[in-house]
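Note sheet for the following structure.
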Amino acid sequence: MIESFADWLIYDTFGLSSAGGLGPALQFFVYDFIKIGLLLIVITHLMGLFNSYFPVEKVKNYLAGKNLYGFENFIAAFLGAVTPFCSCSSIPLFIGFVKGGIPMGVTLSYLITSPLINEIAVALFIGIFGLKVTIIYVASGLVLGTLGGLLLGKMKLERYLTDWVKSMQDMQLNGGPNDTRSLKERMPEVSAEAFRIIKGIVLYIVAGLAIGGFIHGYVPHGFFEQYMAVDNIFAVPVSVILAVPMYTNASGAIPVVEALVGKGIPLGTALAFMMAVVGLSLPEAMLLKKVMKWQFLATFFGTVTIFIIGLGYFFNIIF
């Protein structure tokens, strides 16, 4: 419905062409702004209700005080895989986890995996590449999220959270097991907190989507393929670098991967390109800048980049 509305508004009402340029750029912006806006409203309210009903501090202390040998990171990565969010849509949940005091490494495991794997992407993968490739891809995404979160968690990056996030952590909602208020009585406080969070990040969302819309509308098709040839030993890292300015979700990137593979580009190179598009995009960085200082952002992107490049070479070797 949202996509149909965006098409109607841009192509029918404004009369812009869908062939390329301003029309697709604005359609992309309108569609994703509405979609992410609705997700923000729903997710921030759900996280607010969760924080109101459950003593998140106990969850935090349990996870922080137990040595589960990375199992908690795997659970977070798995939750990221089964939630149907792209990178920009999963950031509100990341903010909710950080605000709730969940350990940073566990939170980052979710953030890494969430855009890479979802049920629609898995279905498309099976249809295009078969079950074997799909299983290896899903397993690789879970390993990337688990190990990436574990490694980043050891780096003590909490000190590089922005002051805005720290202020969010200091302003916990009332609630917990001794709070006997009804849902109706809780909602005004939950809504006020949810819209305060949205107000704090909306400009970053607009900036990120504007960049993504420009690329979607004005970057020519086939522009990247010349740098990803089969005989280029540096094709995998080059594909990752080329992917960073782009933005789409895994479902939108998989047909691109199919086209690249059909033109002779190695599967691992194409998959590394896709992973970087959905997990390392410049619009995502614009959003994360609201919650991470540049030291945190550079460390996060650098670590995930290294993992993705390694997975790209791994896929090229086995396929």
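If the chain between LEU46 and LYS293 were fully stretched, how many nm would it gain, using 0.36 nm times the residue separation less the Cα-Cα distance? Present the calculation step by step, with values, prior to reporting the outcome.
Numbers: separation 247, 0.36 × 247 = 88.92 nm, distance 2.65 nm.
Computed gain between LEU46 and LYS293 is 86.3 nm.
Taking 0.36 nm per intervening residue step and subtracting the Cα-Cα distance, what contour gain separates LYS263 from THR13 on full extension? Show your work: numbers first, answer last.
Working: separation 250, 0.36 × 250 = 90.00 nm, distance 3.73 nm.
Gain in length upon complete extension: 86.3 nm.
Could you tally the net charge around PRO283, taking each other residue with its Cβ under 12 Å from the Cβ of PRO283, Lys/Arg +1 and Asp/Glu -1?
Summing Lys and Arg as +1 and Asp and Glu as -1 gives -1.
Could you calculate the contour length gain from ILE317 to ILE34, that is, 0.36 nm times the residue separation minus the distance between their Cα atoms, to one decimal place in nm?
Details: separation 283, 0.36 × 283 = 101.88 nm, distance 4.12 nm.
Here the answer is 97.8 nm.
How much net charge surrounds GLY23 when only the other residues with a Cβ under 12 Å from the Cβ of GLY23 are counted, with Lys and Arg +1 and Asp and Glu -1?
Numbers: positive: none; negative: ASP7, ASP12.
Here the count lands on -2.
What distance in nm lies between label points placed 7 Å from Cα along the C-beta direction at LEU282 and PHE195?
Reported label-point gap for LEU282 and PHE195 is 3.4 nm.
Throughout, read-outs are computed from the coordinates displayed, never taken from laboratory work. Not measured: the values here are computed from a predicted model. In this analysis, Cβ positions are derived from the backbone assuming ideal geometry, glycine residues included, and neighbour counts consider all displayed protein chains.
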